[in-house]
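The values are calculated or read from the model by the stated rules, or taken from the named source; none is laboratory data. Being a predicted model, the structure only gives us computed values, none of them experimental. In this analysis, Cβ positions are derived from the backbone assuming ideal geometry, glycine residues included, and neighbour counts consider all displayed protein chains.
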Amino acid sequence: MSELPPTEFAALRDHLLEHSVRRGDFTLKSGRRSSWFIDSKQTVCRPEAMLLVANGILAVTPPEADAIGGLTMGADPVAFVTAGVAATQGRLLKAFSVRKEAKDHGGGGRIAGALDPGDKVVVTEDTVTRGTSLLDAAHAVIEAGAVPVLLVAVVDRGGTVEAMATAEGLPFRALLTAPDLGFEYEGG
């Protein structure tokens, strides 16, 4: 698996720092306090950064992957822009979302979008601190009969998800880390 070229890495880092990182006093999802917050969607959803994100995700995506998705909302823009860019390059990746709760009507279940049993899946997220969303999505993928082949985040701010993923036999990658953005990890 390849990495982003240095110029693209720097461009993505700079875009995140300009549009997504906020400094101040924040309460994180875990309830912990932090002096910085990152809303990666401010980068992932801007046209000038979409290709940077998609190319970064594709650079680490194993060639055998059939699909990409993760827990809604954090994974949705990452998965869909990556699948779209991949299609323009002749690489066909299905895209899907994992609902936080199973739908009790219609087809039901937690998966929305294109995911078939046996698919080899990249489970993604925009930003992870602890990694519980990535693992929750990976478990839903397994329950749907597909096989996670990689967990990948645009930003790892916590530094703990790799160990959690490894404990479950799942590889993890991040395009950027908290230290890449000039901050210490804030795992929990």
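Identify all residues within the stretch 160-177 that are out of contact with any strand residue (DSSP E or B) (no Cβ under 7 Å at 6 or more places or on another chain) and not β-branched (Val, Ile, Thr); write none if there are none.
Of everything in the stretch 160-177, those that are out of contact with any strand residue (DSSP E or B) (no Cβ under 7 Å at 6 or more places or on another chain) and not β-branched (Val, Ile, Thr) turn out to be ALA163, MET164, ALA167, GLU168, GLY169.
Looking at the structure I just gave you, is ALA165 of a type outside the set (Lys, Arg), in contact (Cβ under 8 Å) with a residue 40 or more places away in the chain, out of contact with any helix residue (DSSP H, G or I) (no Cβ under 6 Å at 6 or more places or on another chain) and over 19 Å from GLY31 (Cα atoms)? Don't jump to the end; show me each part of the working.
Numbers: of a type outside the set (Lys, Arg): yes; in contact (Cβ under 8 Å) with a residue 40 or more places away in the chain: no; out of contact with any helix residue (DSSP H, G or I) (no Cβ under 6 Å at 6 or more places or on another chain): yes; over 19 Å from GLY31 (Cα atoms): yes.
Judged against the criteria, ALA165 is not a match.
Can you find a residue in the stretch 117-127 that is more than 11 Å from the chain's Cα centre (by Cα), farther than 15 Å from VAL78 by Cβ, free of Cβ contacts under 8 Å to residues at least 12 places away in the same chain and not in a strand (DSSP E or B)?
No, every residue in the stretch 117-127 fails to be more than 11 Å from the chain's Cα centre (by Cα), farther than 15 Å from VAL78 by Cβ, free of Cβ contacts under 8 Å to residues at least 12 places away in the same chain and not in a strand (DSSP E or B).
Against the conditions (1) assigned to a loop (DSSP other than H, G, I, E, B); (2) surrounded by 14 or more Cβ atoms within 10 Å (Cβ to Cβ), where does GLU184 fall short? Just the number, please.
It fails just one condition, (2).
Here is a yes/no grid of residues against (1) among the acidic types (Asp, Glu); (2) modelled with pLDDT of 95 or more; (3) part of a strand (DSSP E or B):
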residue: ALA11; (1), (2), (3): no, yes, no
residue: GLY31; (1), (2), (3): no, no, no
residue: GLN42; (1), (2), (3): no, yes, no
residue: ILE68; (1), (2), (3): no, yes, yes
residue: ALA86; (1), (2), (3): no, yes, no
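With the structure loaded, tell me whether ALA167 is over 18 Å from the mean Cα position of the chain (by Cα), of a type in the set (A, V, I, L, M, F, W, C) and farther than 21 Å from ASP76 by Cβ or whether it fails that test.
yes
Taking the stretch 21-74 as the search range and keeping residues that are within 28 Å of ALA140 (Cβ to Cβ) and among the basic types (Lys, Arg), which one is surrounded by the most Cβ atoms within 10 Å (Cβ to Cβ)?
LYS41
Residues to consider are ARG91, ARG99; find the one that is out of contact with any His (no Cβ under 9 Å at 6 or more places or on another chain) and part of a strand (DSSP E or B).
The conditions single out ARG99.
Could you tell me whether any residue of the stretch 83-92 is more than 17 Å from THR43 (Cβ to Cβ) and surrounded by 20 or more Cβ atoms within 10 Å (Cβ to Cβ)?
Yes, some residue in the stretch 83-92 is more than 17 Å from THR43 (Cβ to Cβ) and surrounded by 20 or more Cβ atoms within 10 Å (Cβ to Cβ).
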